[in-house]
1. Need one value: the accessible area of ASP728 in square angstrom, 1.4 angstrom probe, rounded to the nearest 10.
2. Assuming 0.36 nm per residue, please report the length gained on full extension of the stretch ARG323 to LEU510 beyond their Cα-Cα distance.
3. Say R0 is 35 Å: what FRET efficiency, to the nearest 0.05, do GLU342 and VAL363 get from their beta-carbon distance?
4. How many percent of the accessible area of segment 281-330 is carbon or sulfur, using a 1.4 Å probe?
5. Could you check the spin-label model distance between ILE377 and ARG65? Points 7 Å from the Cα along Cα→Cβ, value in nm.
6. Leaving out ligands, DNA and RNA, what percent of the accessible area of segment 666-823 is carbon and sulfur, probe 1.4 Å?
7. Can you give the extra length, in nm with one decimal, that the chain gains between ASP123 and GLU413 once fully stretched, where that is 0.36 nm per residue apart less the Cα-Cα distance?
8. Using +1 at the Cβ of each Lys and Arg and -1 at the Cβ of each Asp and Glu in segment 37-130, identify which of PHE42, ILE83, ALA58 lies farthest towards the dipole's positive end.
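The values are calculated or read from the model by the stated rules, or taken from the named source; none is laboratory data. A quick note: this is a predicted structure, and the numbers were derived from the prediction, not measured. Cβ coordinates were reconstructed from backbone atoms using ideal geometry, including for glycine residues, and neighbour counts include every protein chain displayed. Heavy atoms of the whole protein, side chains included, go into the accessibility calculation; ligands, DNA and RNA do not. Shrake-Rupley method; radii C 1.70, N 1.55, O 1.52, S 1.80 Å.
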Amino acid sequence: MKVPKAPKPSEKRKKGLTRKLVLSMLLVGALPLLIGLLLAFFQGTQEIREVSGTSFEALATETARKLDLVIADELSRTALLTINANLIHLLENRRDALSEIRQETLTPLLQQESEAWQSKDLDFLSTIAEGPIVEELQRHVRGTYIDLGYPVPVITRSTTRSLYITDRAGRLVASLDAKAPYLHAEEDWWKSAFHNGVGQPYIGPIQFDPQHQTYTFTLALPIMDSLRYEAVGVLRRIYDAKEFFAPSIDIIRFGETGHVMLIDSRGVVLSCPILPTGTAVSDHTLIPLVTPMYPGWTPAPSDGHGGQKTSIIGFAPLSNANRITQSSNGLSWHMFVWQSSEELFGPIQHFFKWTAAFGLLGVGLLVTLGYLAAHRIAAPIRRLQEAARRIGRGEFQEPILLSTGDEIEELAEEVNRMNQQLASQFAGLESQVELKTQEVKYLQESTTQILDSVPDPVVMIGPQEQIEYLNQASKEALVLKNGNVEGTPLFQLLQLDPPTQAKLRQEIHLVQSGVLTAPPAATPDQLIKKLHDPLSPVSWEHSGGDRRELQLNQRTYRYRWFAIPAPPGKEPGVGLVLRDITEESLLQDQLIQGEKLVSLGVLSAGIGHELNNPLVGVIGLGEAIQEEADPEHIKEYARGIVQHGKRMASVVRDFTGQVGKQFSEAQTLVNINEQLERTLTAVQSVFQSSPVEVRTRFAPLPPLPARPFELGQAFTNVITNAFQAMKDGGTLEIATTVLEQEIHITIRDTGKGIEPNHLPKVFDPFFTTKGQGEGSGLGLTVAHRIITKLGGQIRLDSKKNHGTVCLIILPITSNKHMEHKES
């Protein structure tokens, strides 16, 4: 199967300039047009929203005002019945009759009358459904009742579903509805209208009336006595809600969907051309937005008619009617004006569509003109591009001829000039490149030969701990038979135990980060210095307390790290230099053993001092016994000789114990403070004539697993150096403390101090600044090895003529760890 060729990058970018020019023209021409269209659309939508909202608010307010007038007019006309003199006289008589009836008699009487009404007793029924009062009610409902020239409107006659009057006991007095209940004293409307005899108007909520099979609301008015002092009865009128409100609401329509509707504060519809009376608004979140006690308009999340599109709604409360409804049942009535969003924003959307169509036509013209203009610009630029590509490949060609009369023609002339200059300059470049390549190869071969001639093993390690180079000494030290080891992991060649590998990995990381460039015991200034020449003898001699050593193939090597710079974008490498110190270590061990014998001489001198005092006492007491004749005095002198003899025996016993321990001594728990005191006493006996003031400050310390004689030898060497530095007198301070699971021993003298250039060499074997016969140069070397063997550190800080501070740090180790080390 033949695989198609991938297009060249130049082919992919062939029409890039044309595309950019066309896009630029589109951005310049179409972007302002698009922004203008969007701004016009949003501004028009906002203005329509504001104008429509204000208009809906005004319509809702006016409709609410008119409906308020209708309700107020209905209240005033119905109130004419409550001031009928015959009716008031009748109710006053019934009040007086009720006042004479006792409560225990009244209850059975009311029950008897209620049963007679429900059983349709003709005699009892005629007293309520007939008579002059009923005729007055009939004339009022049928429209024959004249109130000062104002006939009852047709709406009143068609919407009244029930009309009756009760006395102050809640009994029916007159009724046009034979199905009305007889007793009403326990009903909410009656209690609210009667109001404990004070009386107040009552307008009830919209609710479904099973008797009339429609949604109704109640208007109840109190009937006051002739003195207008107290209520003697209540008139109740039940209206068909839809029939009552529809003539004032349904006639208000605008557009195809615009209309008004009346709802209460629960969201129940009282009257609406679309929704049936009694249903609730579908979106409950809309109710608090349109039922405040002030007129206004609001953008709503839905239309309240089941639609989920945003809409503009105007609203206004029925202020006069709400004063009655709120005192009656806590509800309020509100006018609601709405029009669908499609119809409301239809004109601006239609305008936007037509404008967008013309805009697209303009964009098409811009694209066409832009393409033509871009083609005329891009064609000569492509010729220049092709010429530059050939020049880049070294294909120097004939001059480019363009006659555009603009900057492109000037650019073509510059390209021709550059072509001529490159052709002349590249003439001898190939020979120079070949010469430089040979020089680089020579330098690489010379470097390899130099490193192979170095007697110390040199290993170069990559960022991932892989071997990048081994010189000849490294291959011999590692006994490598296969010469090609590049890319091999470092620790695959260096067979070391896991703790040593972990330590080396940490040091590699520190060298790469630029931290590990000086010994661990160095000062902060030394920690930031770089190793300029890892093969220089000075870098090994100035090792100070840094004794990094490895055991490889039964040989002991001291090692040094150095950083290898890397090209930009790559991680730096690390170099490792090894130096075989096997014979040097053996020699130093022999010298250290000799130094131990020297320290025994110090102890022997101290023992001689300790034996001298009691020996003088023994001689003196012996001479006294020879001249004494009193037996009691002779016995006392004999007891003194025995005590001095015990003292000398103790000194000899301690001395013989120390000598034996130096050759075969196991680790035991050592009290550091006691060991320091014994060592200080021994050294002081040697320097009795030295005017040195000794100050000790020992803190409570935990016992430390160590060999007492070796630890004492280390303390002896350091304290001896301090006494030797203060020949003319001074102060020696010895203090111990515990810091972070470490024992810190500070030995400070006020002697002549150490030169700064000598300080890095003080731990090197045979290095000394003392006179002939005063020191071997192994004292601090032995002390350093003993402290390092215990896992500790020894640090020196000194300034010329300002004394020396020696800090010995020993880690606190458990007994279990001591037993493990001993095994």
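1. The value for ASP728 is about 150 Å².
2. Computed gain between ARG323 and LEU510 is 58.6 nm.
3. Using R0 = 35 Å, I get an efficiency of 0.80.
4. 57 percent
5. 6.5 nm
6. Of the solvent-accessible surface of segment 666-823, carbon and sulfur hold 49 percent.
7. 91.5 nm
8. Value: PHE42.
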